[in-house]
Amino acid sequence: MALRAFGELTSLDAETRRAIVDRSSTTDTTVRERTAALIEQVRTRGDDALFQFARDFDRAALQALEVPRAEWDAALAALDPQLRQSLERAAKNIAAVHTAFLPTETVCSPEPGITVGRRPDPLQRVGIYAPGGRAAYPSSLLMGAIPARVAGVKEVIVCSPPGPNGKPSPVVLAAAALAQADRVFALGGAGAIAAMALGTATVPRVDRIMGPGNAYVAEAKLQLVNQVAIDSPAGPSELLVLADESADAAAIAREMLAQAEHDPDAAVIAVLAPVAAPVGVSVSELATAIVHELEQQSAVTPRAEVVRQALRERGAIVTTVSLDEAITFANTWAAEHLLLVVRDDVRDATLAALRSAGTIFVGAASSVAYGDYMTGANHVLPTAGAGRSYSGLSTLDFVRWTTWQEVTPTAAASLSEDVGRFADAEGLPAHAAAARAWGSAS
């Protein structure tokens, strides 16, 4: 099995180490220029540009940009009952988790007579992008629309690419009905992002855009960030498995393959650390066993070519001299998904030390696939190291914070001279006068 890197972390040369750490999603000039041109088309031609994009990119002759609600309801009614049950279970869990994490208003009084409050106000309208392209992703729609509803957003707009029949995937439409979206548009790619960011005669302008997509979607979000808020910069899927010698090689290989099958550009890496007491196998032996399992399992996976390309370009299995070294590397790498498989006696301390992953899966049974679909945690996560400063999607992303403050006349008098001195020092005499007026009035 060809991997981009294999061996001791400290023995990797600078070029190889850079290759596995740097997953920056900088797009080539062609993508940037084409995306900018598409955005300008939407800006100047509005709906006409969107109809043309559907013909050019999706091979769909749209009769209308918006999909009537009756068609979502029909898609939900026609959905395979077992699949519907699975979607409903996921929706219930997503709602439960995001309700538990709802932000609340906080009020404090730093001094007598001064009150400062901060309250979360739901956004008025958000846009959810649900990818189509290579595959339909109803899970992404649920992950965006349900937290928006939980947060109290007034209007939820969904865009998803049309198929040859001019409609998004039936399972995506069913998910839109299940998530209680307000409007659905058969729009994909950079055009959909531009339409939601700028607004057209048919597509309303939104306050924030959420959801993953291809390179053009990601580039459009970055180019329009001055027009509309976005979730976070996003790129191909990625996984870091942090494991000790107690881990099972077959289980680690399964998880690596599951993320590698997303995209030829997916990044998957196993970081293996020794523990203090021997457990029967060394980390180097475990590394070799994982390679063997990757060979065996990839031979029978339907997406073998995608998997092998991802492993060849961005796959790695590295060993470290200590758990601390592995943790330091993991925090630098800042994985979208981090699977932690270590002994129970070091698990909690290791979990507490991991500070920059999009989401952490604790224990071998906590497959990343469960988080992708069913645990209720959000799968819209920062990639390419953005986890060092961004968090996964949550209800916090669907509110803006309003800060309010009140000062009583007595407190104003006590503040007046200190504030006046600040204003004098900054050369703002009107500020000083406004502050001191309350002091002289007392």
How many residues does region 58-113 hold that are among the polar types (S, T, N, Q) and within 22 Å of residue 192 (Cα to Cα)?
1
Among the listed residues 257, 272, 294, 242, identify the single one that is open to solvent by less than 10 Å² (accessible area, probe 1.4 Å), under 30 Å from residue 393 (Cβ atoms) and either at pLDDT 95 or above or among the small types (Gly, Ala, Ser) (or both).
242
Scan region 43-70 for residues that are within 15 Å of residue 189 (Cα to Cα), of a type in the set (Asp, Glu) and open to solvent by 60 Å² or more (accessible area, probe 1.4 Å) and report the count.
1
The listed residue being open to solvent by 70 Å² or more (accessible area, probe 1.4 Å) and in contact (Cβ under 8 Å) with a residue 40 or more places away in the chain, out of 34, 23
34
Six or more apart or on different chains, Cβ under 7 Å: which pairs go from a residue in region 92-105 that's touching a residue at least 60 places away in the same chain (Cβ under 8 Å) and more than 10 Å from residue 395 (Cα to Cα) to one that's aromatic (Phe, Trp, Tyr) and not in a helix (DSSP H, G or I)? Could you list them?
none
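A quick yes/no check of all residues on (1) under 30 Å from residue 218 (Cβ atoms); (2) open to solvent by less than 20 Å² (accessible area, probe 1.4 Å):
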residue: 340; (1), (2): yes, yes
residue: 347; (1), (2): no, no
residue: 350; (1), (2): no, yes
residue: 357; (1), (2): yes, no
residue: 365; (1), (2): no, no
residue: 394; (1), (2): yes, no
residue: 402; (1), (2): no, no
residue: 413; (1), (2): no, no
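Table: residues versus (1) aromatic (Phe, Trp, Tyr); (2) at pLDDT 95 or above; (3) closer than 30 Å to residue 145 by Cα.
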site: 390; (1), (2), (3): yes, no, yes
site: 398; (1), (2), (3): yes, yes, yes
site: 402; (1), (2), (3): no, yes, yes
site: 420; (1), (2), (3): no, yes, no
site: 439; (1), (2), (3): no, no, no
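Quick grid of which residues meet (1) more than 25 Å from the chain's Cα centre (by Cα); (2) polar (S, T, N, Q); (3) open to solvent by 20 Å² or more (accessible area, probe 1.4 Å):
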position	(1), (2), (3)
287	yes, no, no
298	yes, yes, no
302	yes, no, yes
309	no, yes, yes
319	yes, yes, no
335	no, no, no
Within region 6-44, take every residue that is hydroxyl-bearing (Ser, Thr, Tyr) and within 28 Å of the chain's Cα centre (by Cα) and give me the one that is nearest to residue 321 (Cα to Cα).
16
Looking at region 121-136, I want the residues that are under 18 Å from residue 373 (Cβ atoms) and modelled with pLDDT of 80 or more and have a partner that is open to solvent by 40 Å² or more (accessible area, probe 1.4 Å) and of a type in the set (Ser, Thr, Tyr) with Cβ atoms under 8 Å, at least 6 apart or on another chain. Which pairs are those?
130/137; 131/137
Going by the structure shown, is residue 82 at negative phi, open to solvent by 90 Å² or more (accessible area, probe 1.4 Å), part of a loop (DSSP other than H, G, I, E, B) and polar (S, T, N, Q)?
no
In region 167-203, residues that are touching a Pro at 6+ places or on another chain (Cβ under 6 Å) and farther than 18 Å from residue 47 by Cβ total 3
Which condition number in (1) within 21 Å of residue 189 (Cβ to Cβ); (2) open to solvent by 10 Å² or more (accessible area, probe 1.4 Å); (3) within 17 Å of the chain's Cα centre (by Cα) is the one that residue 97 fails?
(1)
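The values are calculated or read from the model by the stated rules, or taken from the named source; none is laboratory data. Model, not experiment: these values are computed from the prediction. Counting neighbours? That spans all protein chains shown, and the Cβs are built from the backbone with ideal geometry, glycine included. Only protein heavy atoms, including side chains, enter the accessible area calculation; ligands, DNA and RNA are left aside. Shrake-Rupley method; radii C 1.70, N 1.55, O 1.52, S 1.80 Å.
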